[in-house]
Every structure is written in structure tokens, then in C-alpha cells.
1. Check PRO144, PRO139 and return the single one that is closer than 23 Å to GLU74 by Cβ, touching a His at 6+ places or on another chain (Cβ under 8 Å) and either crowded, with 16+ Cβ neighbours inside 10 Å or free of Cβ contacts under 8 Å to residues at least 40 places away in the same chain (or both).
2. Would you check which residues across segment 84-131 are among the acidic types (Asp, Glu), surrounded by fewer than 16 Cβ atoms within 10 Å (Cβ to Cβ) and assigned to a helix (DSSP H, G or I) and list them?
3. Residue check, GLY134 against (1) surrounded by 13 or more Cβ atoms within 10 Å (Cβ to Cβ); (2) of a type outside the set (Val, Ile, Thr); (3) out of contact with any strand residue (DSSP E or B) (no Cβ under 8 Å at 6 or more places or on another chain), all met but one. Which one?
4. Being over 15 Å from THR75 (Cβ atoms) and under 14 Å from the mean Cα position of the chain (by Cα) narrows it down to one residue among HIS113, HIS121; which is it?
Amino acid sequence: MRLNPRAHRHAESSLNVGIRESEISVSNKRRVLLPRRQARPSATTTPTRLGKAQYRWLTFEAPPSRLVHVPQRETPDDWPALARQLGQRVRQLREERKRQTEDRRFTQEGLAHEAGVSRNHVQNIENARNNSRGEDGRPGVGNPGVATLLAISRALEVEFLDLLPDGLLPEAVRHRPWAETTDDSPRTL
């Protein structure tokens with residue numbers, strides 16, 4: 001039986017270090033780990049014996065944390081429906097490109113490789129879900145970032161705005177004027 005080196009024993013501004021032979025563990029009540037070289041030792045050491053194992057607890061004063069709280073992204077009230085539309089649009093464009101070219105790049109796995117994301121990520125976008133679970137145990141609603149959607153649009157060789165559901169587009173561009181261009185004209189807004 002071993003003493004748990006992650007036990008929280010000291011004030012919020014200190015780090016605990018439990019040392020057993022070559023084994024070192026660092027924990028902090030705020031769950032912020034800092035590099036050991038930044039910690040400043042205080043005069044407090046606490047030897048602990050449990051069975052044949054000898055532990056020595058050292059208390060270090062931690063410098064202020066540089067971590068910043070990042071709030072959860074806010075989504076529109078109708079986001080679950082928009083996420084489903086986004087997923088349907090990605091799947092539709094991917095399958096359309098796959099039929100046109102019969103290219104393996106347009107399977108979920110191929111698209112993921114081309115876009116630089118995981119197949120699971122593409123699958124989650126198409127199914128409007130994410131890997132986090134709610135209190136009911138069901139997957140949460142997908143909320144992909146702009147960089148991910150931009151990478152997918154480039155891999156599918158479509159305009160970025162073609163991926164977005166109409167509910168997310170300004171009224172002026174919902175009819176997608178760039179889609180009416182000819183091969184001779186530029187494909188820009």
C-alpha cells in the first residue's frame with residue numbers, strides 16, 4: 001500500500017511534492033501544474049512512513065498562475081438545428097464529390113486526412129455531435145471551429161460559406177452569388 005502523492009494537504013498557493021526514491025509527483029489545489037524550476041522551496045518538509053515506504057512531503061510556494069479562464073463558446077439558441085444542417089451539408093458535399101470523382105479522398109477518412117483532422121471529428125460534424133457527454137450520458141451538440149470548417153472546405157474544394165447553413169449566413173449572401181460564376185470569372189465575393 002502506498003501513500004497517495006496527489007493528496008492536497010497545503011494552502012491554495014503552495015505545491016505538494018511527494019518523493020519516494022526516484023518517483024516525484026506534483027499537485028496543486030487549483031490543479032495547475034508549474035515547472036519545478038519555477039517553484040520556490042519553503043522551509044516546510046513533512047516525513048511520512050507508510051509500511052516500508054518512506055515519503056518526504058516538501059511544500060513549495062508557487063508563483064502566480066499564468067493560466068487564463070476560457071469561457072465556453074456561446075452558441076445561438078437554435079444551434080442544434082443549425083448543427084444538423086451543417087452536418088448534412090458537409091456530408092452532402094462530400095458524397096457529391098465522391099460520386100463525381102470516385103476519389104477515395106472523399107470518404108470520411110480521406111476527407112479527414114486532406115483536412116488534417118481525425119475521422120472521428122469529420123464523423124462528429126456530419127452527425128452534429130461531439131465527444132463530450134451531457135448529464136444524461138448522450139453526446140453533446142457539435143460545435144466545430146472556423147479553422148476546422150475552413151480546412152474541410154478547402155479539402156472539398158468548395159467555398160467556405162457553402163458549408164454553412166443559411167441560418168448562419170447574412171441575408172445578402174444566402175442565395176450564394178459566387179455559385180453563379182462561370183469558369184472564366186473569378187470565384188470570389
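Throughout, read-outs are computed from the coordinates displayed, never taken from laboratory work. As the structure is a prediction and not an experimental result, all values here were calculated from the model. So basically every Cβ, Gly included, is an ideal-geometry build from the backbone, and we count neighbours across all protein chains shown.
1. Of the residues listed, the single one that is closer than 23 Å to GLU74 by Cβ, touching a His at 6+ places or on another chain (Cβ under 8 Å) and either crowded, with 16+ Cβ neighbours inside 10 Å or free of Cβ contacts under 8 Å to residues at least 40 places away in the same chain (or both) is PRO144.
2. Our first condition is that a residue be among the acidic types (Asp, Glu); within segment 84-131, this holds for 95-96, 102-103, 109, 114, 126.
The next check asks that each one be surrounded by fewer than 16 Cβ atoms within 10 Å (Cβ to Cβ); those that pass are 95-96, 102-103, 109.
Across segment 84-131, the qualifying residues are GLU95, GLU96, GLU109.
3. (1)
4. Values: HIS113 fails: under 14 Å from the mean Cα position of the chain (by Cα).
Every option except HIS121 fails the conditions.
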